[in-house]
Number of protein chains: 2
Amino acid sequence: MKSVRGGDAGRRRRRTTVAVKQSLRELRNQLSLLNHQVSARLTLKDVDLDCLELIARHGPLSPSTLARRAGLHPATMTGILDRLQKGGWIVRERNPDSADRRAIAVRAVRGRNAELFRLYSGMNTAMDELCDGYSEAELELIAEFLRRATEAGHTATADLAES
Amino acid sequence: MKSVRGGDAGRRRRRTTVAVKQSLRELRNQLSLLNHQVSARLTLKDVDLDCLELIARHGPLSPSTLARRAGLHPATMTGILDRLQKGGWIVRERNPDSADRRAIAVRAVRGRNAELFRLYSGMNTAMDELCDGYSEAELELIAEFLRRATEAGHTATADLAES
DNA sequence: TTCATATGATATGCTCCTCGTATTATCTGA
DNA sequence: TCAGATAATACGAGGAGCATATCATATGAA
C-alpha cells in the first residue's frame with residue numbers, strides 16, 4: 001500500500017500497475033500463439049498441449065480430475081486423451097491396487113520430451129538470453145511474481161467457474 | 001553473461017532461470033484457463049477472445065492480416081469475426097477512401113469493455129493487490145521483463161510459422 | 001447384507017467449428 | 001488490356017465438443 005491518493009507518485013504507480021497487467025495479457029496471448037504453432041506441428045489441438053502440460057506437471061491424474069481442472073466436459077477429455085494417446089504422448093494405466101477400480105491414471109510418456117523441447121528451442125534460448133541480463137536477485141523476484149500471478153489466476157478462474 | 005561455468009553461483013543461477021521459464025509456462029496455462037471461463041460466459045470460443053484482444057490492442061485490422069497474426073486460415077477468421085460481430089463485439093467497416101477497396105477494417109466496439117472488465121474483475125483486483133506489494137522500481141523491472149518475453153515469444157512464433 | 005443412488009470412463013449422436021477449395025471483386029504489373 | 005495475385009467470403013467435408021446414455025464400480029442407508 002505505497003500509493004498516495006492523488007499524488008504524483010500514486011498516479012505514476014497506477015500507470016505502472018496498468019502496464020504490468022497489460023503486458024501480462026499480451027504475453028499470455030503471444031505465448032498461446034506460440035502454443036498454437038507447436039500444436040499444429042504435432043497435429044494436435046491447442047487444448048491437447050495444455051492438458052499434456054497439466055499431466056506432465058501435476059503427475060498422474062484421472063480423466064475426470066483433469067476435466068475439472070481444465071474446465072472441460074469429461075467426454076471432451078476422453079477425445080483429448082485419445083488424441084494424445086494415439087500420438088504416444090500419454091498412457092492410460094489401470095492401477096490394480098487402487099482404492100477405486102473404475103479410476104484410470106493418465107501418465108505423460110518420458111522420452112517424447114526431446115521432441116517438444118526442440119519445437120520450443122527458439123523460445124527457450126531467447127528466454128535464456130533474456131534472463132542472462134538480470135541478476136540472481138532480480139530473477140528470483142520475477143519468478144516469485146510469476147508464481148503469485150499464477151496463483152491469482154487460479155483463484156480467479158475457480159471463482160468464475162463455480163459462480 | 002554472469003554465470004560461471006560449473007561454479008556454485010552458476011548452478012544456482014541456472015536453477016533460477018529454469019524456475020522462471022517453468023513459472024512462465026504454468027502462468028500461461030493458467031491464464032488460458034481463465035480465458036476459457038470468460039469465453040464460455042460470453043458463449044464465445046477461446047480463440048474469439050484472443051482475436052478480440054488483438055483487434056482491441058492493435059487497432060483496426062483487416063481479416064487477412066488478423067488471420068496471419070493468429071496463425072489461422074482466412075476462412076476460419078471469417079467465422080470468428082461472424083461470431084464476434086453477432087455478439088456486438090466488433091464491427092466490419094468498409095473504408096471508402098481506402099487504397100484497396102477489397103479491404104475491410106475490423107474495429108472493436110467501445111462500450112462492451114465494461115462487460116469484459118466485470119468478468120476479469122477478480123483477476124484484476126488480485127493483480128492490483130499483488131502489485132501493491134512491490135516498489136515502483138520493481139514493478140517497472142517486471143513490466144519490462146514481460147514485454148521482452150512477449151517479444152521473444154513473437155520471434156519464436158514467427159520462426160516456427162515460416163519454417 | 002441389500003438396494004438405491006452416485007460416480008468414473010467411455011460410446012453415441014447432434015450441432016457447430018475448421019479448413020480446403022471455389023467464387024467474386026479488385027488490384028498490380030507486363 | 002489482360003493475366004495473375006490478393007481480399008473476403010461461401011460452401012462442403014471431416015472432425016471436435018458436449019449432452020446423454022451405458023456399464024462398471026463405489027457408497028450410504030435401511
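The values are calculated or read from the model by the stated rules, or taken from the named source; none is laboratory data. Please read these numbers as outputs of a predicted model, since none were measured by experiment. Neighbour counts are summed over all protein chains in view; Cβ atoms, including those assigned to glycine, are modelled from backbone coordinates with ideal geometry. Areas reflect the complete protein model, heavy atoms only, side chains present, ligands, DNA and RNA absent. Shrake-Rupley method; radii C 1.70, N 1.55, O 1.52, S 1.80 Å.
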(message) For region A:84-112: of the residues being assigned to a helix (DSSP H, G or I) and within 19 Å of A:R57 (Cα to Cα), which is least open to solvent (accessible area, probe 1.4 Å)?
(response) A:L84
(request) State all residues of region A:50-62 that are surrounded by 19 or more Cβ atoms within 10 Å (Cβ to Cβ) and part of a helix (DSSP H, G or I); if no residue qualifies, say none. (result) A:D50, A:C51, A:L52, A:L54, A:I55
(request) Would you mind stating whether A:T150 is within 7 Å of chain B (Cβ to nearest Cβ) and in contact (Cβ under 8 Å) with a residue 12 or more places away in the chain? (result) no
(message) Just to be sure before I move on: is B:T65 within 13 Å of DNA strand C (Cβ to nearest atom) and either outside any helix (DSSP H, G or I) or of a type in the set (V, I, T) (or both) in the structure I sent?
(response) no
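So is A:A99 within 15 Å of DNA strand C (Cβ to nearest atom), among the hydrophobic types (A, V, I, L, M, F, W, C) and modelled with pLDDT under 95 or not?
Against the criterion (within 15 Å of DNA strand C (Cβ to nearest atom), among the hydrophobic types (A, V, I, L, M, F, W, C) and modelled with pLDDT under 95), A:A99 qualifies.
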(request) Give region A:117-163 a look and list any residue that's under 19 Å from the mean Cα position of the chain (by Cα), under 23 Å from B:L34 (Cβ atoms) and surrounded by fewer than 20 Cβ atoms within 10 Å (Cβ to Cβ), or say none. (result) A:Y120, A:E144, A:R147, A:R148, A:T150, A:E151, A:H154, A:T155, A:A158, A:D159, A:A161
(request) Can you work out which of the residues in region A:71-83 that are within 11 Å of DNA strand C (Cβ to nearest atom) and assigned to a loop (DSSP other than H, G, I, E, B) is surrounded by the most Cβ atoms within 10 Å (Cβ to Cβ)? (result) A:L72
(request) Report the residue count in region A:84-94 for those that are near DNA strand C (Cβ under 10 Å from one of its atoms) and without any contact (Cβ under 8 Å) to a residue 12 or more places away in the chain. (result) 2
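Here is a yes/no grid of residues against (1) facing another protein chain (nearest Cβ under 9 Å); (2) within 16 Å of DNA strand D (Cβ to nearest atom); (3) out of contact with any helix residue (DSSP H, G or I) (no Cβ under 9 Å at 6 or more places or on another chain):
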| site | (1), (2), (3) |
| --- | --- |
| B:I80 | no, yes, no |
| B:Q85 | no, yes, yes |
| B:P96 | no, yes, yes |
| B:A105 | no, yes, yes |
| B:G111 | no, no, yes |
| B:L116 | no, no, no |
(request) Considering (1) open to solvent by 20 Å² or more (accessible area, probe 1.4 Å); (2) within 28 Å of A:T150 (Cα to Cα); (3) within 19 Å of the chain's Cα centre (by Cα); (4) within 13 Å of DNA strand C (Cβ to nearest atom), say which one B:T43 fails and leave the rest. (result) (3)
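For A:N124, state whether it is modelled with pLDDT under 95, within 30 Å of B:F145 (Cα to Cα), of a type in the set (S, T, N, Q) and out of contact with any strand residue (DSSP E or B) (no Cβ under 7 Å at 6 or more places or on another chain).
No.
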(message) Just to be sure I understand the filter: pairs with C-beta atoms under 7 Å, separated by 6 or more residues or on different chains, first member in region B:115-144 and under 15 Å from A:R14 (Cβ atoms), second member open to solvent by 60 Å² or more (accessible area, probe 1.4 Å) and part of a helix (DSSP H, G or I). Which pairs pass?
(response) B:L130/A:R148; B:E136/A:R12
(message) Going residue by residue through region B:6-19, is there one that turns out to be within 12 Å of DNA strand C (Cβ to nearest atom) and at pLDDT 95 or above?
(response) no
(request) Only residues that are within 11 Å of DNA strand D (Cβ to nearest atom) and over 18 Å from A:Q37 (Cβ atoms): list them for region B:53-78, please. (result) B:P60, B:L61, B:S62, B:P63, B:S64, B:A75, B:T78
